[in-house]
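The values are calculated or read from the model by the stated rules, or taken from the named source; none is laboratory data. The shown structure was predicted, so the numbers you read here are calculated from the model rather than taken from an experiment. Every residue, glycine among them, receives a Cβ derived from its backbone with ideal geometry; neighbour counts consider all protein chains shown. To get the accessible areas, we keep the full protein, side chains included, count just its heavy atoms, and leave off ligands, DNA and RNA. Shrake-Rupley method; radii C 1.70, N 1.55, O 1.52, S 1.80 Å.
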Amino acid sequence: MIDFNLSENDEKILAGVREEALLCRKYARHYDENEHEFPPDELPEASSWKPSVKRGEPSPEDSSMPVMSMLGIMGRHWGDYSVRLRQDRGGLGNAALSASGTPEQKTRWGGEVLAMAITEPGCGSDPSRVQTSAVLDEETDEWILNGEKIFVTTGCRSTGVVVWATVDKTAGRAGIKSFLIMKGTPGFEVVHKEKKLGIRADDTATLVLRDCRIPRDQLLGGDETVKQKGSGGFRGVMKTFNMTRPAVAAMGLGIAEAALDFTREQLEEAGFEIDYAAATASLPAPVAKFIELEALFEASKLTVLRAAWLAGEARPNNMESSVTKAHAGTAVRRITQGCIDILGPMGISREHLLEKWLRDCRITDIYEGTGQIQRLIIARGLLDYTRAELK
Ligand SMILES: Cc1cc2nc3c(=O)[nH]c(=O)nc-3n(C[C@H](O)[C@H](O)[C@H](O)COP(=O)(O)OP(=O)(O)OC[C@H]3O[C@@H](n4cnc5c(N)ncnc54)[C@H](O)[C@@H]3O)c2cc1C
């Protein structure tokens with residue numbers, strides 16, 4: 001039976017996450033205003049801060065772990081989107097490695113921080129249009145990669161990148177494979193850092209590959225065959241998104257919750273009572289609006305918990321993952337914008353973080369598939385259409 005009740009220990013762990021998040025929030029404005037001055041691996045508070053509870057090791061038998069992990073992500077982003085007391089080890093490329101790497105690759109690269117590079121100047125929403133090429137040199141047993149990747153999160157700070165490239169341009173998605181490329185490999189260069197609207201403490205880079213040679217065994221998953229049916233490697237790596245899309249939704253919702261908490265405090269300070277039992281018509285307008293935004297938040301959060309719960313039960317969650325992103329992508333924008341509507345000038349003042357949260361949460365609806373793309377996936381799932389029938 002579906003059950004999102006948390007144990008006492010889980011509650012303590014999440015309280016610890018919030019405590020840590022509050023310390024990180026102190027640095028949020030600094031790294032927002034000083035883009036490209038990245039947070040250090042450890043903030044000064046890290047040495048003196050003692051977590052209230054030692055975090056338990058995830059157990060594969062414990063189906064509540066994905067749910068806890070989503071709540072943890074929300075708690076951390078409630079502090080700040082990118083600033084952490086200790087830097088997380090790992091990026092989207094690490095998720096791809098876990099989902100599709102061979103045991104040897106997981107051992108060898110598991111400790112690295114891996115970005116994931118799919119998007120190119122001519123390819124975003126439809127990853128099957130990847131043009132970066134990978135050609136096998138049988139004499140040297142090396143892949144030679146050429147192409148350009150844009151908007152790569154952690155492209156500067158990662159130690160390696162999982163790069164999507166085609167080994168056969170005539171084969172469409174079946175020809176697409178992913179390759180592990182470490183920083184420092186000749187022919188692989190970070191050429192540009194983006195300046196962004198929000199999430200400025202997160203680096204976003206352009207990468208160029210010019211006759212970049214890597215050993216043959218750096219093909220993720222090791223399968224070199226180009227299968228027309230099933231599109232092996234491509235489908236494998238796409239599965240990565242079934243957990244990362246709920247995670248992206250959870251990040252945005254953490255920010256939205258921070259905005260709601262701030263707004264509640266301000267309303268209460270101004271003498272408004274948030275009375276959930278009162279009839280809507282009797283509520284002052286700011287309170288009625290606030291309660292509506294909170295309900296939107298709760299609905300979105302439930303979509304994330306359900307997708308995570310399905311993953312914990314080892315049940316398919318492809319469509320539900322897209323529901324989390326589609327719903328949260330819109331909800332977090334409405335919530336942060338709505339909080340600004342309620343608070344007026346205070347909402348846009350840089351004295352507070354609310355205006356930053358509005359900017360930071362905008363990305364929820366863009367990366368790892370825009371809202372429109374998630375809606376296409378949901379429609380295909382509900383109506384049983386193939387990709388070719390509904391695109
Ligand atoms: C800050 C940031 C970080 C990012 N990090 C990464 C990363 O780490 N790795 C990576 O590979 N990429 C990353 N991206 C890229 C991101 O995934 C793409 O921007 C996104 O997938 C959209 O692709 P696009 O920008 O090429 O837009 P396009 O595909 O050109 O789409 C433009 C618009 O058309 C809509 N659209 C497209 N196709 C359809 C359709 N069939 N039906 C209806 N509407 C459609 C889209 O929803 C969008 O609104 C990042 C982007 C940003 C901004």
Filter the cross-link list 149/177; 289/325; 149/169 down to pairs whose alpha-carbon distance in this structure exceeds 19 Å.
289/325
Using a probe of 1.4 angstrom, how much of the accessible area of the range 92-230 is carbon and sulfur, in percent?
50
Spherically averaged projected area of the chain from its Cα convex hull (nm²):
21.4
Give the Debye-formula value of log10 I(q)/I(0) at each listed q (0.11, 0.21 Å⁻¹), with one equal scatterer per alpha carbon of the range 92-230, two decimals each.
-0.37, -1.37
When only C-alpha pairs under 8 Å and at least 6 residues apart count, what is the relative contact order of the chain, in percent?
16
How much accessible surface does residue 217 have with a 1.4 Å probe, in Å² rounded to 10?
90
Normalised by the residues of the range 241-383, what does the relative contact order come to in percent, with Cα pairs under 8 Å and at least six apart?
34
How large is the accessible surface per residue of the range 267-391, computed with a 1.4 Å probe and reported in Å² as a whole number?
52
First measure r as the distance between the Cβ atoms of residue 168 and residue 34, then evaluate 1/(1 + (r/R0)^6) with R0 = 41 Å and state the FRET efficiency to the nearest 0.05.
0.35
Separation between the residue 213 and residue 270 pseudo-spin-labels, each 7 Å from Cα along Cα→Cβ, expressed in nm?
6.6
Can you give me the distance in nm between label points at residue 291 and residue 137, each placed 7 Å from the Cα along the Cα-to-Cβ direction?
6.9
What is the packing order of peptides 182-194, 313-325, 265-277, taking the mean over residues of other C-beta atoms within 10 Å and listing the highest first?
313-325, 182-194, 265-277
Heavy-atom accessible area of residue 76 with all protein chains present, probe 1.4 Å, nearest 10 Å²?
70
Accessible area in square angstrom per residue, the range 1-47, 1.4 angstrom probe:
60
